[in-house]
Amino acid sequence: MDDEVRRAARAVDGARLWRRLMAMAEIGATPAGGVNRQALSIEDRAARRRLVEWAWERGYDAAQDGAANLFVHRPGSEPQLPPVLVGSHLDSQPTGGRFDGAFGVLAAFEVLEALDDAGVATRRAVEAVAWTNEEGSRFSPGAMGSAVFARRMTLGEILPVTDWDGVPLADALRDTLADLPEVPMRDRGLVPAAFLETHIEQGPRLEAEGIPVGVVTGIQGISNIHVEVIGAEAHAGTTPRRLRRDALKTAAAMVLALEDAFADGDDTVRFTVGRFDVTPSSPNTVPGHVRFTIDFRHPDPATIERLTGRIEPICQGLAGACEVRVHRKRDVPPTRFDEGTVDLLRESAKGLGIAHMDMFSGAGHDAMHLSAICPTAMVFTPCKDGISHNEAESAKPEDLAAGTRVLAAAACALAQR
Ligand SMILES: [Zn+2]
């Protein structure tokens, strides 16, 4: 391992990183110890401001783009070279934890500081990035900011999206950008030389193995499907069973049949019906309309195609007197991270004497979009009991520091290329 790379990794200050994480967790803090910092909310704006203030204190410039992605810039000696980007997201689920996303952004900021503290000048600029709306809980789909940056979606596609109060994303985005008037706007600029992201694992494997660093080789694909079942509303007291077209009963049978059809021997398929909307949702009316969502994930694109193709016939077969419509909403194909960058992370961990293992990500991350435009890879760190998207989410300072050291070493090596 190169001496500069080693110095940069050693300069990572785990205590400073932890202090920043705890300070960030005050923004949107919930009584149960988590955070509620949903995308483009007042709390999200406050988090962005805090990051910008820390950047300015340390002498870094900040910039934002049209999707409110926020960049903190540490210059390189050769400004014409594309930068190395490191980052994640600051938004959270409504009952989210302190580490999901924020760790990746603050670890990226720690990388910038470590490079300075180690006195390392890099050829390429290194930028810490906070991508907009990774969580997708307020505005769907998630990972919007990175998708727009990577040109997998356009601004025009996301602006009309509304939250559950009917607030258009366009308005929330405008207000968020206006909240940091001192931070200049910029267009995308150069396609990055590479992107690195660190994140808590959000699963139980690293903790169970006692290993602080997971080198992520890819992210499984996601298919989102909405199923609409249309029956007829009818009086609960007067309508005999043979005349009913009960959309709820029909939809419930579909969910159970789909659960069975998607069950696999090795428990790799992830199949979730997370939302079930019944109309008119009145105790004494036969439900006339149901809409439910399917979130289906798998590492293999062929399996995604094959199983997704079974949804419509299964639902049609159970429709009976109801009508059924299956809407395929949005697929994100499985991601395989760049082999060279994955290898660099392995070598960085090895060179620093940090135990590590390869793993595949079950959750989606901003890195899945960045990998479409530049060499990309991720570092996972353990979280307690694998719990995430939960206020009880917890992680150990020493594990987060280990992951950040690997990140700093890899970022430094990439920025010297
Ligand atoms: Zn996250």
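Computed from the coordinates by the stated procedures, all read-outs in this text should not be read as laboratory data. The model shown is predicted, which means the values in this text are computed figures rather than measured ones. All Cβ positions, even for glycine, are placed from backbone atoms using ideal geometry, and neighbour counts span all protein chains on display.
Within the listed set Val52, Val213, Val167, the residue fluctuating most in the Gaussian network model of the chain (springs between alpha-carbon atoms under 10 angstrom) is Val167. The lysines within cross-link reach of Lys396, meaning a Cα-to-Cα straight distance under 18 Å and a gap of 8 or more places when in the same chain, are Lys384. Structure remark: mean-square fluctuation, Gaussian network model of the chain, C-alpha springs under 10 Å; the largest value among Cys374, Cys322, Cys383 belongs to Cys322. Spacing of the modelled spin labels on Ala236 and Glu209, each 7 Å from Cα toward Cβ, amounts to 5.2 nm. Approximating the spin labels as points 7 Å out from Cα along Cα→Cβ, the Arg10-to-Ala23 distance works out to 2.7 nm.
Helix screen, the chain: DSSP H segments with Cα axial length of 15 Å or more and mean Kyte-Doolittle hydropathy at least 0.0 are 14-25, 102-117, 247-261, 301-318, 397-415. Label the range 13-59 by shape, choosing from rounded, prolate and oblate, from the square roots a ≥ b ≥ c of the eigenvalues of the Cα gyration tensor; if a/c is under 1.5 it is rounded, and otherwise prolate applies when a/b is larger than b/c, oblate when it is not. Verdict is oblate for the range 13-59. One way to sum up the overall shape of the range 199-348 is the equivalent ellipsoid from its Cα gyration tensor, whose semi-axes run 41, 16, 12 Å, largest first. The Kirkwood radius of the chain, taken over pairs of alpha-carbon atoms, gives through the Stokes-Einstein law at 10 °C and 1.306 mPa s a diffusion coefficient of 71 µm² s⁻¹. About the centre of its Cα atoms, the range 152-195 shows a dipole size close to 340 debye [charges on the beta carbon of Lys, Arg (+1) and Asp, Glu (-1) only; nearest 20 debye].
For the range 42-78 versus the range 260-280, the inter-centroid distance based on Cα atoms is 39 Å.
Beta bridges per DSSP, both residues in the range 48-200: antiparallel share near 50 percent. Between the residues Gly386, Leu370, Cys315, the greatest Cα displacement towards the positive end of the dipole of the range 308-394, with unit charges on the Cβ of Lys, Arg, Asp and Glu, is found for Cys315.
Using 0.36 nm per residue and subtracting the Cα-Cα separation, the extra length available between Ala261 and Ala170 on full extension is 28.8 nm.
Charge tally for His73 (other residues, Cβ to Cβ under 13 Å; Lys, Arg +1; Asp, Glu -1): 0.
For Asp117 and Ala32, calculate 0.36 nm times their separation in residues minus their Cα-Cα distance, and state this gained length in nm to one decimal. Stretched out fully, the Asp117 to Ala32 stretch lengthens by 27.0 nm.
At q = 0.21, 0.23 Å⁻¹, what is the base-10 log of I(q)/I(0) for the range 338-417 according to the Debye formula with one equal point scatterer per Cα and no solvent? Please give it to two decimals. Treating every Cα as an identical point scatterer, log10 I(q)/I(0) equals -1.10, -1.23. Residues considered: Leu344, Leu243, Leu258. Largest GNM mean-square fluctuation over the chain, using C-alpha springs under 10 Å, is found at Leu243. Look at the Cα gyration tensor of the range 155-252: its axes a ≥ b ≥ c give a/c of at least 1.5 with a/b at or below b/c, and that counts as oblate.
Given +1 at the Cβ of Lys and Arg, -1 at the Cβ of Asp and Glu and no other charges, the dipole of the range 144-275 around its Cα centre is 640 debye to the nearest 20. Rounded to the nearest Hz, the phi-derived 3J(HN,Hα) couplings of the range 146-158 under the Karplus curve 6.51 cos²θ - 1.76 cosθ + 1.60 (θ = phi - 60°) are 6, 5, 5, 4, 8, 6, 8, 9, 10, 4, x, 6, 8, where x marks glycine and proline.
Each of Met185, His73, Met22 was placed along the dipole of the chain (beta-carbon charges, centred on the mean Cα), and the one lying farthest toward the positive end is Met185. Only helices enter the 222 nm calculation for the chain: every DSSP H run of n ≥ 4 contributes -39,500 (n - 2.57), and dividing by all residues gives -10500 deg cm²/dmol, rounded to 500.
Could you work out the Kirkwood radius for the range 50-181, taking every pair of different alpha carbons, averaging 1/r and inverting it, reported in Å?
Here the Kirkwood hydrodynamic radius works out to 15.6 Å.
Spatially, the range 217-244 and the range 86-104 are offset by 33 Å when compared through their Cα centroids. Given a cut-off of under 8 Å on Cα pairs at least six residues apart, what relative contact order in percent is computed for the chain? Relative contact order here is 25 percent. The calculated FRET efficiency for Ser282 paired with Glu312, based on their beta-carbon distance and R0 = 41 Å, is about 0.90. Once the chain from Arg58 to Glu157 is taken as fully extended at 0.36 nm per residue, the excess over their C-alpha distance is 32.0 nm. Computed over neighbours whose Cβ is under 9 Å from that of Val324, the net charge equals -2, Lys and Arg +1, Asp and Glu -1.
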